[in-house]
Amino acid sequence: MDGIAPAIAQNLAKAAWDGLTGREQEENRAKEIAKGTALNMVGGLPVARDIGTSWLKGYDYQYSPVLTVMKKGVDMLEAGSKAFDEDAEFTRRDMYLPLELLSYGVPIPSRAMIIATEGVLRNIEKETDDWTEVIDRP
């Protein structure tokens, strides 16, 4: 278990960063550090990583990257159809779909683009004045 010390250090640093920037935690810090450490420990094991993330963080588990690409494509088409429906509301999530789909074809990290875009939008719309949100999600 040589990898546990760096995993704990990383999650302690993240908790300290969240505390310094005044970000609220969804759970108590000890539980969040434990979850983050557990996920770091299985991060290099593809199936264990995906199941762990699904179980600990509540994300949907995708069986195949091909299925994920197809789902994002369908989601993007559905979001585009909202332009023709007066009752449908276009959300920020709909705006991020092209960025996520683009990241499957080119080596651009979609999470970084989405976090930066969301941080800029939140600052422009005066929802926050914390510009660190451009590099780190609240």
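The values are calculated or read from the model by the stated rules, or taken from the named source; none is laboratory data. Quantities reported herein were computed from a predicted structural model and do not represent experimental measurements. No Cβ is skipped: glycine too gets one built from the backbone with ideal geometry, and neighbour counts run over all protein chains shown.
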Just checking, how many residues over segment 89-121 are under 20 Å from Lys14 (Cα atoms) and among the acidic types (Asp, Glu)? 1
Test of understanding: among Ala38, Ala34, Ala79, Ala16, which residue is surrounded by fewer than 14 Cβ atoms within 10 Å (Cβ to Cβ), of a type in the set (Gly, Ala, Ser) and assigned to a helix (DSSP H, G or I)? Ala16
Have a look at Ser110, Ser81 and point out the one that is at pLDDT 80 or above, on the phi < 0 side of the Ramachandran plot and of a type in the set (Ser, Thr, Tyr). Ser81
What single numbered condition from (1) assigned to a helix (DSSP H, G or I); (2) modelled with pLDDT of 80 or more; (3) not β-branched (Val, Ile, Thr) fails to hold for Glu86? (1)
More than 18 Å from Gln10 (Cβ to Cβ) and modelled with pLDDT under 75: is that true of Ile124 in this structure? no
So the check is Cβ under 8 Å with 6+ separation or different chains; which pairs have a first residue in segment 108-124 that's of a type in the set (Asp, Glu) and a second one that's surrounded by fewer than 15 Cβ atoms within 10 Å (Cβ to Cβ)? Glu118/Arg92; Glu118/Arg137
Please state which one of Gly52, Gly119, Gly105, Gly73 is in the same structural domain as Arg23 (by TED's automatic domain parsing) and not β-branched (Val, Ile, Thr). Gly52
